[in-house]
Amino acid sequence: MIQTDRTKAVHFTGHRKIAGAYEGPAQTKLMEFLSKLVTTWAAAGWTTWISGGAIGVDQIAMEAVQWAMVFGAPAKLVIARPFPSQASKWPAKSQARFATLCEFGEIVDVSPDPYTPQKMQVRNVWMVENAIVTIACWDGTEKGGTWNCIQTARKVGNKILHIHPVTLEARWL
């Protein structure tokens, strides 16, 4: 399994969907915002960017890292898949996008197939334990996988940057 220098690694967490926030111009704005953040932070010495690969924020973050890399940012993308067949039940368009994004990174299969709900938490724990900063694109809802990941990050002492997915307002928690 890939080992990261936790002191120079960042991971993303966020919602799969918020009322159109990840479609069209809003998706593009979030990707551009994250791409600028990755570029700036990579220039300051952050080397590894971890995404869980899910539809929504995870893939937008993967795209942001990809763009930062294309424009010269010294960044490495790690895709922490909860299990190898993660994308198998997604629509064909989502599977194709995921496969293309994975070409720019290294895949870590955190657990073996088949799917079980617990494997999402195992993946979140792996990401938190392999990074020291959590970037949470989060609407403030205190339930669900993103909230759970934020709570896990707090328990291990990660610094957490909260970015509202619609307004792009950013603040440290």
DSSP beta bridge pairing in the chain, given as percent antiparallel to the nearest 5 | 10
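Just want the ordering: Val10, Val70, from fewest to most Cβ atoms lying within 10 Å of their own Cβ.
Final ranking by Cβ density, sparse to dense: Val70, Val10.
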For the chain, what relative contact order do you get, as a whole percent, if you take Cα pairs closer than 8 Å and at least 6 residues apart?
-> 26
Hey, what do the phi angles of region 156-167 turn into as Karplus ³J(HN,Hα) couplings, whole Hz, using 6.51/-1.76/1.60 and θ = phi - 60°, x for Gly and Pro?
-> 8, x, 5, 6, 10, 9, 8, 10, 5, x, 9, 7
When the chain is fully extended, how far beyond the present Cα-Cα distance does Ala96 get from Gln121, taking 0.36 nm per residue of separation?
-> 6.5 nm
GNM result for the chain, Cα springs below 10 Å: residue of Gly105, Gly14, Gly140 fluctuating most strongly = Gly140
Could you please report the charge total around Val65, scoring K, R as +1 and D, E as -1 over all other residues with beta-carbon less than 15 angstrom from its beta-carbon?
-> -1
Per-residue HN-Hα couplings for region 82-99 [Karplus 6.51, -1.76, 1.60; θ = phi - 60°; Hz; x = Gly/Pro] | x, 6, x, 8, 3, 8, 4, 9, 6, x, 3, 4, 5, 5, 5, 4, 4, 4
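Bear in mind that the values in this text are calculations on the coordinates, not laboratory data. Please read all numbers here as calculations on a predicted model, not as lab measurements. Here Cβ is always computed from backbone atoms with ideal geometry, including for glycine, and neighbour counts include all displayed protein chains.
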